[in-house]
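All of the numbers you see were taken from the coordinates with simple rules; none came from a lab. Everything numeric in this text was worked out from a predicted model, so none of it was measured. Don't worry about glycine lacking a Cβ; one is built from the backbone with ideal geometry, like all the others, and counts go over all protein chains shown.
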Amino acid sequence: MRFTGRVDDMRPFFNQSDVFIAPFTDTHGSKLKIAEAMAMAIPIVSTTMGIRGFPLIDGESVLLADSPPQFAKHVVSLLREPEQCMALGSAARKKALSTIDWSVLGKRLVAIVHATQAAL
């Protein structure tokens, strides 16, 4: 584990990572790092609060842990099982592409604008 402080571009750090951990117990606002990890197919271990608002499913596209022992167990498990890492990361990326990709969000925005115009 390495603490870097502020960086201009997270991609090199994601590319060097085996697992993205999100031990948030209280969250507010957007969690862009979760979205970035999803987009880059980095397997995620998070608390339930850490992925709030994202369409991730425990055991399929994320591993959820709401206690320190669970968290450690999941992280170690992923580090020992590269196939599970790849499967979890791939599933998270698929979710990102189908739900939070700019093309998907753009279509949703256009639909909202059209619905608003029609209602006027």
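Helix-only estimate, please: 222 nm mean residue ellipticity of the chain, summing -39500 (n - 2.57) across DSSP H runs of length 4 or more and dividing by its residues, to the nearest 500. Please report the intermediate quantities before stating the final value.
Numbers: 5 runs with 62 residues, N = 120.
Taking each H run of at least 4 residues, the total per residue is -16000 deg cm²/dmol.
Of PHE71, GLY53, LEU120, which is farthest towards the positive pole of the chain's charge dipole, taken about the Cα centre with +1 and -1 on the beta-carbons of Lys, Arg and Asp, Glu respectively?
Selected residue: LEU120.
Sorted by average packing, counted as other Cβ atoms within 10 angstrom per residue and highest first, what order do 93-101, 111-119, 75-83, 60-68 take?
Ranked from most to least packed, the peptides come out as 60-68, 93-101, 75-83, 111-119.
Give me the percent relative contact order of the chain, please, defined on Cα pairs under 8 angstrom at least 6 residues apart.
Relative CO of the chain lands at 25 percent.
Give the lysines whose C-alpha is closer than 23 Å to that of LYS31, dropping any in the same chain fewer than 8 places away, or say none.
LYS94, LYS95, LYS107
Applying a 10 Å radius around every beta-carbon, put 6-17, 36-47 in order of their mean neighbour count, most first.
On the way: 6-17: 10.2, 36-47: 22.4.
The peptides rank, most packed first, as 36-47, 6-17.
Out of ALA35, ASN15, MET86, whose Cα points farthest toward the positive end of the dipole of the chain (charges: +1 Lys, Arg; -1 Asp, Glu; placed on Cβ)?
Positive-end residue among those listed: ALA35.
How much FRET efficiency would the formula 1/(1 + (r/R0)^6) give for MET49 and SER77, where r is the Cβ-Cβ distance and R0 is 30 Å, rounded to 0.05?
Calculated value: 0.90.
Between MET86 and GLU60, how many nm apart are label points set 7 Å from Cα along the C-beta direction?
Each label point lies 7 Å from its Cα, and together they span 2.2 nm.
Just to be sure I understand, if you calculate log10 I(q)/I(0) by the Debye sum over Cα atoms at q = 0.16 Å⁻¹ for this structure, which of [x] -0.78; [y] -0.91; [z] -0.69 do you get?
Computing log10 I(q)/I(0) by the Debye sum over Cα atoms at q = 0.16 Å⁻¹ and matching it to [x] -0.78; [y] -0.91; [z] -0.69 gives [x].
On full extension of the chain, what length is gained from PHE14 through ARG2, given 0.36 nm per residue of separation minus the C-alpha to C-alpha distance?
Length difference between fully extended and current span is 3.1 nm.
Rounded to the nearest 20 Debye, what is the dipole magnitude of the range 11-119 about its Cα centre when Lys and Arg each give +1 and Asp and Glu each give -1 at the C-beta? Walk me through the numbers on the way to the answer.
Numbers: 11 positive and 9 negative charges, 66 e Å.
Dipole magnitude for the range 11-119 comes out near 320 debye.
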